[in-house]
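Student: Dropping the structure in here first, questions after.
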Amino acid sequence: MGWMRRVTRAAAHRDESSARTHPAGADAAAAPGADAAAAPGAATPAAPTGTAVVVGGDALVGAPGPDGDRVPGDAGRPLLACTDLTKRYGDRVAVDGVSFSVGRGEVYGLLGPNGAGKTTTIKMVCGLLPPDAGTVSLDGREPARDAAARARVGYVPQDVALYPDLTAAENLAFLGRLYGLRGTTLRERVAEALALTDLQARGGDRVGTYSGGMRRRLNIAAGLLHRPALLVLDEPTVGVDPQSRHAILGRVRELGRNGMAVLYTTHYMEEAERVCDRVGIVDRGRIVAEGTRRELVSRLGEQDRIELTATGDLADLAEQCRALPGVERAAVTDRGVRLLTSDGRRVLPALLEAADRSGAAIDSVEVAEADLEAVFLHLTGTALRE
Amino acid sequence: MRAALVVAGRNLRQRLRDRSAVVIAVIAPLVVSALMSLAFSGVESFHYTLGVVDADGGPVAAGLLQALRQPELAKVVTVRRLDSRAAAAQAVRDKRVAAALVLPAGFSASVTGPRPLPIATLTSVDDTVAGTVTSSIASTFVAQLNADRLSVATALAAGVPADQSARLAAAAARLQIPVQAVQRALGSRPLAAVSYYAPAMAIFFVLFTVSFTARSFVAEREQGTVERLRATPAGARQIVGGTVLSAFVFAALAMGTIAVVTSAVFGADWGDPLAATVVGLSMVLAVTALTALVMGLARTQRQAEGISSAVVFGLALLGGNFVFVSVAPDVMQRAALLTPNGWALRAYMDLATGGGGLGTVAVPVAAILGFAAVVGAAAVALAPRAVRV
């Protein structure tokens with residue numbers, strides 16, 4: 001991981017210096033061995049546009065990260081600014097006026113259930129889908145129209161997008177060449193990426209022979225190979241074993257600390273809480289709330305989240321719970337019912353009686369302080385699916 | 001352009017590792033062209049051995065033997081005298097002769113009488129062509145004989161003295177079997193089957209490039225790798241361009257390999273090397289344009305397979321890759337000129353039979369390139385659709 005620390009710091013430095021030395025419009029990919037992060041596009045400081053940028057900018061200034069760190073963001077200069085992004089498929093609105101910004105050194109999470117519009121949003125960010133309305137600006141450039149802007153983005157798709165009949169090294173070298181890497185630089189970057197993902201010993205093996213976890217790690221390495229200014233990860237831990245998941249989250253967190261802007265989508269609350277400096281909660285194509293974890297949770301006041309693990313008629317159980325005094329929200333989850341209450345301990349006896357009345361069998365009850373799950377429930381009235 | 005070369009390089013690497021692609025592009029056309037050449041090797045120069053039993057020994061039988069030894073008929077038939085009908089039947093069974101004619105004893109004498117004896121034809125199911133030709137020879141001879149008998153009878157009825165009948169019969173014995181089919185090649189050299197089927201099969205299997213390139217590209221799109229490429233600085237046209245460039249190189253390599261091997265091993269005549277190469281590359285370009293078009297049209301692997309199968313077999317059937325265009329109905333011969341492969345085959349036939357160089361193939365090459373340009377323009381317009389996620 002040491003190389004990554006050095007790289008991202010160097011890249012951040014080049015961002016600053018290249019603003020004075022590189023002409024705009026040149027293509028980073030055209031320069032052999034050039035770092036994508038040093039692309040001229042990175043040099044153009046962009047004035048943030050749209051109200052969302054202002055909101056994001058506030059959170060960036062000295063906002064503590066999940067571990068209490070100060071966010072090393074560049075206040076007032078978000079790298080990525082999305083304004084009023086809208087995407088429709090026929091009559092269905094997949095993304096409805098989404099605005100947010102991501103600063104340098106910030107890990108920004110889009111948290112929401114499957115189908116909320118997260119993937120569509122990041123496809124617009126990466127220039128893969130044209131928005132029906134709104135703009136995407138990466139330091140003033142639009143990735144969909146500007147190859148130099150795309151050269152500064154590392155995209156890690158949700159599904160492993162690699163060639164199984166090529167080796168890991170061949171996959172990385174191929175993608176590296178498309179980002180303009182050549183010769184010694186390319187070989188070094190491939191070796192570093194394989195080391196980063198602990199795949200040095202298997203670099204010469206075809207990806208088709210890899211386990212699911214190894215492919216996931218390589219999938220992420222492919223997005224980091226050209227040392228992008230912005231890393232976009234679309235649910236990178238789906239289907240990953242706990243050990244690989246832990247490693248991936250740790251690395252993402254470290255990338256953010258080292259100055260890389262990261263846009264991270266997930267439907268796992270604990271991932272958002274662990275790695276993201278700020279979170280945009282997405283529901284039905286809209287960002288319904290945004291801020292640091294502390295800001296979002298503070299909206300709930302002193303509320304508790306109660307998890308009932310139960311079997312039986314869960315819809316009826318949720319309905320019975322909603323009628324109880326002190327229960328603000330109740331929603332069915334995969335394993336039972338999730339509630340938001342003003343005082344968890346006081347509500348508990350009544351909850352058990354309600355379960356009796358509905359005929360549901362309670363397996364366990366967990367009372368927890370408010371978290372992003374509770375925020376989501378509070379804002380949408382539904383539970384994030386597990 | 002650089003990104004397109006990078007994409008093409010990666011595609012070629014994968015293609016060369018894919019054994020099924022190499023089998024389809026190189027080995028299959030070699031095997032099929034060799035088999036078809038063997039199957040049709042007799043068509044353009046048919047010849048067989050005919051057994052003849054002359055139990056008659058008379059002048060009419062002698063006339064038939066003399067007719068069979070005429071220079072034009074001798075190109076098709078070699079006559080072998082046999083002693084008896086039983087010996088002839090055994091020779092046919094043993095395949096020492098392909099068919100046999102038996103002229104019975106008293107045949108010449110019977111010709112002038114009221115009940116002429118029949119000529120027996122012995123044929124085998126193993127060589128139906130020889131049997132058909134032998135029956136045709138016998139029928140033609142008998143028809144001529146009957147015409148002469150009718151002439152003699154008419155002459156006698158008209159008052160010619162009866163003692164002249166022998167002279168008339170002798171004249172009949174000198175009859176000639178008319179030569180009904182003479183081979184005439186359009187060019188200065190005859191066209192060997194292998195010289196037709198080698199390019200025909202090479203082109204047919206090169207057409208399959210459309211199928212496996214388009215299908216694998218759509219599969220990549222479904223698997224998300226095309227999306228990942230689109231997130232790089234490479235543009236849509238570079239991604240599509242790189243893919244079809246690899247198809248061009250692969251198809252050209254396959255075509256060149258087939259040309260060299262069929263020339264060296266099977267003796268196929270591809271004509272002037274430069275002109276043959278120009279025709280081949282033009283054809284490969286047309287195939288490449290078709291590949292790009294199918295990549296833009298198909299949204300699923302099933303669609304890619306369906307469209308490319310229709311394209312490959314439609315063009316192959318119309319263009320004459322399975323049968324000699326020259327034996328097809330007129331409408332099919334015209335339809336062949338609507339296809340690039342039809343023009344390419346025509347060019348290769350011209351080169352193989354008439355010699356010549358670039359001038360000989362100028363018109364076919366222009367037609368093929370025109371096809372490639374029209375299809376290619378449509379493909380370029382569809383390129384953004386091809387990489388749409």
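Student: Considering only DSSP beta bridges where both residues belong to chain B, give the percentage that are antiparallel (nearest 5).
Tutor: Numbers: 4 of 15 bridges.
Here the antiparallel bridges make up roughly 25 percent for chain B.
Student: Using the heavy atoms of the protein chains alone and a 1.4 angstrom probe, what is the accessible area of chain B per residue in square angstrom?
Tutor: 45
Student: So what is the accessible area of the range A:88-202 per residue, in Å², with the probe set to 1.4 Å?
Tutor: Numbers: 3710 Å² over 115 residues.
Accessible surface, normalised per residue, equals 32 Å².
Student: Now for a different question. Explain nothing, just the number: relative contact order of chain B, from Cα pairs under 8 Å at least 6 residues apart, as a whole percent.
Tutor: With pairs under 8 Å counted, the relative contact order is 20 percent.
Student: Can I ask one more? Considering only the other residues whose Cβ falls under 13 Å of the Cβ of residue A:194, what net charge follows from Lys and Arg at +1 and Asp and Glu at -1? Display every interim value, and only then the final one.
Tutor: Numbers: positive: A:187, A:189, A:202, A:217; negative: A:170, A:188, A:192, A:198, A:205.
Counting the neighbours of residue A:194, the net charge comes to -1.
Student: Next up: On the accessible surface of the range B:46-173, probed at 1.4 Å, how many percent belong to carbon and sulfur atoms?
Tutor: Values: 3810 of 6560 Å².
Looking at the range B:46-173 in its full context, I get 58 percent from C and S.
Student: Scanning chain B for helices, which whole DSSP H stretches are 27 Å or more long along the axis (Cα) and average 0.0 or more by Kyte-Doolittle?
Tutor: Helices passing the filter in chain B: B:128-157, B:193-223, B:236-266, B:273-297, B:358-386.
Student: Tell me which of B:68, B:104, B:51 sits at the most positive position along the dipole axis of the range B:46-173, charges placed on C-beta atoms (Lys, Arg +1; Asp, Glu -1).
Tutor: B:51
Student: If you don't mind, another one. So what is the relative contact order for the range B:46-173, in percent, with contacts set as C-alpha pairs under 8 Å and at least six apart?
Tutor: 26
Student: Where a ≥ b ≥ c are the square roots of the eigenvalues of the C-alpha gyration tensor, would you call the range A:133-201 rounded, which needs a/c under 1.5, or, failing that, prolate if a/b is larger than b/c, or oblate?
Tutor: In terms of gyration-tensor shape, prolate.
Student: Still on this structure, I have one more. Could you give the size of the charge dipole of the range A:66-187 about its Cα centre, using +1 on the Cβ of each K and R and -1 on the Cβ of each D and E, expressed in debye and rounded to the nearest 20?
Tutor: Taking the Cα centre of the range A:66-187 as origin, the dipole is about 340 debye.
Student: Keeping all protein chains in the complex and leaving out DNA, RNA and ligands, what accessible area do you get for residue B:348 with a 1.4 Å probe, in Å² to the nearest 10?
Tutor: Answer for residue B:348: close to 10 Å² accessible.
Student: Work out the charge dipole of the range A:256-376 with +1 on the Cβ of Lys and Arg and -1 on the Cβ of Asp and Glu about the Cα centre, then indicate which of A:317, A:344, A:359 is farthest towards its positive end.
Tutor: Farthest towards the positive end: A:344.
Student: Excluding residue A:371 itself, calculate the net charge of residues whose Cβ lies under 9 Å from the Cβ of residue A:371, where each Lys or Arg counts +1 and each Asp or Glu counts -1.
Tutor: Taking every other residue near residue A:371 into account, the sum is -2.
Student: How about the range B:197-235: which of its residues lose at least 20 Å² of accessible area in the presence of all protein chains relative to their chain isolated, using a 1.4 Å probe?
Tutor: Residues passing the criterion (a loss of at least 20 Å², heavy atoms only) are B:223, B:225, B:227, B:228, B:229, B:230, B:231, B:232, B:233.
Student: Note the buried accessible area between B and A here, summed over both chains, with a 1.4 Å probe, in Å² to the nearest 100.
Tutor: The B and A chains share an interface burying roughly 2300 Å².
Student: Which net charge results when you count Lys and Arg as +1 and Asp and Glu as -1 among the other residues whose beta-carbon is under 13 Å from that of residue A:245?
Tutor: +1
Student: Going from most exposed to least, what order do A:80, B:117 have by accessible area with a 1.4 Å probe?
Tutor: Largest to smallest exposure gives the sequence B:117, A:80.
Student: Quantify how strongly other chains surround peptide A:173-180 by giving the mean number of their Cβ atoms within 10 Å of each of its Cβ atoms.
Tutor: Numbers: counts 2, 7, 7, 2, 9, 14, 4, 5.
Mean partner shielding for this stretch: 6.
Student: Express in Å², to the nearest 10, the accessible area of residue B:52 obtained by rolling a 1.4 Å probe over the protein heavy atoms while all chains stay in place.
Tutor: Approximately 0 Å² of residue B:52 is accessible to the 1.4 Å probe.
The values are calculated or read from the model by the stated rules, or taken from the named source; none is laboratory data. Since the model is a prediction, treat every value here as computed from it, not as a measurement. For neighbour counting, all protein chains shown are included, and Cβ atoms are generated from backbone atoms with ideal geometry for every residue, glycine included. The area values use the complete protein model at the heavy-atom level, side chains included, leaving out ligands, DNA and RNA. Shrake-Rupley method; radii C 1.70, N 1.55, O 1.52, S 1.80 Å.
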